[in-house]
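Down below is the structure, laid out as structure tokens.
Rule-based calculations on the coordinates, nothing more; no lab input. None of the values given here were measured: they were computed from a predicted structure. We place every Cβ from the backbone using ideal geometry, glycine too, and count neighbours over all the protein chains shown.
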Amino acid sequence: MAQQFVDSKIQPGKVVVFIKPTCPYCRKTQGILCQLPFKQGLLEFVDITAAPDTNAVQDYLQQLTGARTVPRVFLGQECIGGCSDLEILQQSGELVRRLTAMGVLQ
């Protein structure tokens, strides 16, 4: 169930972030990404607390990415990590370059 829930969200050509709404790092990640001009429908925040078993979702994220913490940021099918990893990409300019190359920005 958790695997199906996660795998159904991760898609090529889309940015997906698994979050918990109460997490300050998740809110910071949302703030960074929401400042960018994404095309409609190509940025999705997935609240894992809405899943039937949050722990199972986090366990599967750990299998998939090596970490069970949120946020887990996926650029297409590649997990780039969490909030601090996103900040590093943003500060270096690499984030916008990669998103432009994916074709998700307006």
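Can you name the residue in the stretch 31-83 that is over 22 Å from ALA101 (Cβ atoms) and of a type in the set (Ser, Thr, Tyr) and is also surrounded by the fewest Cβ atoms within 10 Å (Cβ to Cβ) among such residues?
THR49
Which one of these does LYS28 not meet: (1) within 18 Å of GLN77 (Cα to Cα); (2) assigned to a helix (DSSP H, G or I)?
So the condition that LYS28 fails would be (1).
Condition check: more than 13 Å from LYS9 (Cβ to Cβ), surrounded by fewer than 16 Cβ atoms within 10 Å (Cβ to Cβ) and out of contact with any strand residue (DSSP E or B) (no Cβ under 6 Å at 6 or more places or on another chain). Does ALA101 satisfy that? Lay out the reasoning, then the answer.
Numbers: more than 13 Å from LYS9 (Cβ to Cβ): yes; surrounded by fewer than 16 Cβ atoms within 10 Å (Cβ to Cβ): yes; out of contact with any strand residue (DSSP E or B) (no Cβ under 6 Å at 6 or more places or on another chain): yes.
Considered against the rule, which asks whether it is more than 13 Å from LYS9 (Cβ to Cβ), surrounded by fewer than 16 Cβ atoms within 10 Å (Cβ to Cβ) and out of contact with any strand residue (DSSP E or B) (no Cβ under 6 Å at 6 or more places or on another chain), ALA101 comes out as yes.
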